[in-house]
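S.K.: My questions all concern the structure below.
The values are calculated or read from the model by the stated rules, or taken from the named source; none is laboratory data. Given the structure is predicted, the values throughout are model-derived calculations rather than measurements. Please note: Cβ atoms are built from the backbone with ideal geometry, for glycine as well, and neighbour counts cover all protein chains shown.
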Amino acid sequence: MFRERETFLIFSTDIEVATLAKNIYADNAATTRLDREAFEAMKPWLLDEYGNASQLYSFSRKPKAALKKARETIAECINALPEEIYFTSGGTESDNWAIKGVAFSNCDRRAIVTSAFEHHAVLHSCEAIERLGCPVAYMWPDINGIITAENLDTYVTDMTLLVSVMFANNELGTIQPIQELCNVAHAHNALFHTDAVQAVGHMEIDVRKLGVDMLSASAHKFNGPKGIGFLYIRKGMDLRPYADGGAQEFGMRAGTENIASIVGMAVALKKNIESLDQNHEYVISLERMLLQKLNQSGITYIRNGGDHTLPGIISMSFDGKDGEAILHRMDLMGISISTGSACDSRNTEISHVLRAIHMPDSLAKGTIRISLGKDNTEEDVESIVVALKKILK
Ligand code: PLP
């Protein structure tokens, strides 16, 4: 792969950047590197202690104890009770479960309120229940990507069963006023779910303080393994099981537990939570440096998402430019970033998130997302700015 890049660069104007010694990963909102300690903690459960946690013999005792400990650790990280943590295969499953599980529970109310810029795991789950007769209302955020309590209040009625609003948007990084939104839902006796996939492990989250009824999380967004996550379900909430079968996950999600990944997730989350302030400060310093250097370079851009965004998620638009072309040219220089629009062979499709904040097409097409994480360095930031300067000037 590297050879290919070198060959291309010889014939392109990017030749200086070909000297980059390593690939630069600046797409941490898409996924993160597995933490080494988490990886080490996973190994015994794959190789030696491979017993099925549901069995009664002594060989299953250790996996069973590991499962219990991981559940306790994760619960502690978000101030939940261990029995409120249900392991899933990740954010998508948690979102599907929360929405469909509520919609299929026995209840006179059927209406759901969500936002138009949720992740597709929520939006497509809502579309699925809409086809089964549950009315869904989609709220529009403001131009900065914020859903206000006042806005929500105009949508929720006494027929609303569930409100689902994401904690932090994956494209813009905007953080929603979850506690206020939750209060509005509860004032109408509606339940509240938040897709906190981008936020868990990156922000302090206290489910008791927030008052949420359900919260989705995914390990690979906080340096845990892929294919594992959890759904917080407030004790006492009436929710249909996600998968019928065995008695795993308190009879709510059948299937033999993935102990190694669950343990890895708990180690990664605990580690991130313990160094939250430090990581925050570091990533914000990288973000500031990037913006400062871009400003000094004279490149004109618009920063999206307002003032209250997750540290490290930088959505920026270059008027009249092509975000996808920028992504590909950055890729050829060894830098991974994301975009807000995707081209197919016929047209450029602007993401539903940028549509939801009513971004004009010429800006939306020129939108990229750089997401920095704790593994990035100042040198990475320097290289990203050099690359952007070359591409945009
Ligand atoms: N929700 C949000 C906000 C996300 O950013 C993602 C992943 O990008 C998901 C849900 C899906 O999570 P997973 O990849 O664990 O299925």
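S.K.: For Glu257, indicate whether it is on the phi > 0 side of the Ramachandran plot and surrounded by 14 or more Cβ atoms within 10 Å (Cβ to Cβ).
M.R.: When the stated conditions are applied, Glu257 does not pass them.
S.K.: Let me confirm something: among Glu287, Glu281, which residue is modelled with pLDDT of 95 or more, surrounded by fewer than 17 Cβ atoms within 10 Å (Cβ to Cβ), assigned to a helix (DSSP H, G or I) and among the charged types (D, E, K, R)?
M.R.: Glu281
S.K.: I would also like to ask the following. Can you tell me which residue in the range 45-63 is surrounded by the most Cβ atoms within 10 Å (Cβ to Cβ), limited to those that are without any contact (Cβ under 8 Å) to a residue 12 or more places away in the chain, assigned to a helix (DSSP H, G or I) and not aromatic (Phe, Trp, Tyr)?
M.R.: Ser60
S.K.: Against the definition (more than 19 Å from the chain's Cα centre (by Cα), more than 16 Å from the ligand (Cβ to nearest atom) and more than 30 Å from Lys64 (Cβ to Cβ)), how does Glu84 come out, yes or no?
M.R.: No.
S.K.: Name, by its number, the condition in (1) buried (at least 23 other Cβ atoms within 10 Å of the Cβ); (2) at pLDDT 95 or above; (3) in contact with a helix residue (DSSP H, G or I) (Cβ under 6 Å, 6 or more places away or on another chain) that does not hold for Arg329.
M.R.: (1)
S.K.: Hey, another quick one. Would you say Phe250 is part of a strand (DSSP E or B), of a type in the set (Phe, Trp, Tyr) and at pLDDT 95 or above?
M.R.: no
S.K.: Which residue pairs have Cβ atoms under 7 Å apart, sit 6 or more places apart or on different chains, and have a first residue in the range 195-221 that is more than 12 Å from the ligand (Cβ to nearest atom) and a second that is assigned to a loop (DSSP other than H, G, I, E, B) and among the β-branched types (Val, Ile, Thr)?
M.R.: Matching pairs, first to second residue: Ile205/Ile78; Asp206/Ile78; Val207/Ile78.
S.K.: Suppose we keep only residues that are more than 16 Å from Glu84 (Cβ to Cβ) and charged (D, E, K, R) within the range 222-254. Which one would you say is surrounded by the fewest Cβ atoms within 10 Å (Cβ to Cβ)?
M.R.: The extreme case among them is Asp244.
S.K.: Output the residue which, of all residues in the range 291-308 that are in contact with an Asp or Glu (Cβ under 9 Å, 6 or more places away or on another chain) and within 18 Å of Ser371 (Cβ to Cβ), is modelled with the lowest pLDDT. So that I can check it myself, show each step before the final result.
M.R.: So in the range 291-308, the residues in contact with an Asp or Glu (Cβ under 9 Å, 6 or more places away or on another chain) come out as 293, 300-302, 304-306.
Cutting the leftovers down to within 18 Å of Ser371 (Cβ to Cβ) gives us 293, 301-302, 304-306.
Numbers: Lys293: 97, Tyr301: 96, Ile302: 96, Asn304: 96, Gly305: 94, Gly306: 90.
The selected residue is Gly306.
S.K.: Scan Ser285, Ser371, Ser315 and give me the residue that is farther than 16 Å from Glu171 by Cα, in contact with an Asp or Glu (Cβ under 9 Å, 6 or more places away or on another chain) and not β-branched (Val, Ile, Thr).
M.R.: Just one listed residue meets the conditions, Ser285.
S.K.: When you look at Ser12, is it closer than 30 Å to Thr88 by Cα, at pLDDT below 95, away from the ligand (no atom under 16 Å from the Cβ) and part of a loop (DSSP other than H, G, I, E, B), yes or no?
M.R.: Judged against the criteria, Ser12 is not a match.
S.K.: Could you pull out every one of the helices (runs of 4 or more DSSP H) wholly within the range 311-393 that has 3 or more residues that are out of contact with any Phe, Trp or Tyr (no Cβ under 6 Å at 6 or more places or on another chain) and not aliphatic (A, V, I, L, M)? Full working, then the answer.
M.R.: On the way: elements: 323-332, 352-356, 361-364, 378-392.
Helices (runs of 4 or more DSSP H) meeting the threshold: 323-332, 378-392.
S.K.: To continue, here is another question. Quick one: Ala66 ticks every box in (1) aliphatic (A, V, I, L, M); (2) away from the ligand (no atom under 16 Å from the Cβ); (3) surrounded by 18 or more Cβ atoms within 10 Å (Cβ to Cβ); (4) more than 22 Å from Ala38 (Cα to Cα) bar one, so which box is it?
M.R.: That leaves (4) as the condition not met.
S.K.: Could I ask something else about it? Report, by residue number, each residue of the range 249-285 that is under 30 Å from Arg109 (Cα atoms) and in contact with a helix residue (DSSP H, G or I) (Cβ under 9 Å, 6 or more places away or on another chain). Don't jump to the end; show me each part of the working.
M.R.: First pass over the range 249-285, keeping only residues under 30 Å from Arg109 (Cα atoms): 249-254.
Correct list: Phe250, Met252, Arg253, Ala254.
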